[in-house]
Amino acid sequence: LPLEALYGSAKAKIEFKPAPKFPAVTRDLAIVCDQATPVLTLEMAIRRAAGKLLESVTLFDVYAGEQVGENKKSVAYSMTLRGADRTLTDTEADQTVEKILKALSQIGAQLRQ
């Protein structure tokens, strides 16, 4: 093996983050939007609305079919929320989800029923 080539492609600086002090809260959202709406547009709206509390957002399902309507799709995300300085309450997490849903509604997406 050409080890020098492998060493050359490795990152020179490795960064470590300390383990979080406070627990995370996870929420999953399934939303319905137009088939033409890019999932990246939805993700960006989630990120903007959640702000600093959003640690990660992961797309885990996209479905299009009779159950969501013609020219529509269902998109599901899993979100991890965490406060850097405190444990989030259910109320804080729910308020963040409400902000996210409001932002998504502004781009034509709604919570899947």
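Every read-out reported here was derived from the displayed coordinates using simple, explicitly stated rules and does not represent laboratory data. Being a predicted model, the structure only gives us computed values, none of them experimental. All Cβ positions, glycine included, derive from the backbone under ideal geometry; neighbour counts span all protein chains shown.
Here K52 does not fit the description of being among the charged types (D, E, K, R), within 30 Å of K17 (Cα to Cα) and in contact with a helix residue (DSSP H, G or I) (Cβ under 6 Å, 6 or more places away or on another chain). Of everything listed in (1) more than 20 Å from Q106 (Cβ to Cβ); (2) under 20 Å from the mean Cα position of the chain (by Cα), the single unmet condition for A49 is (1).
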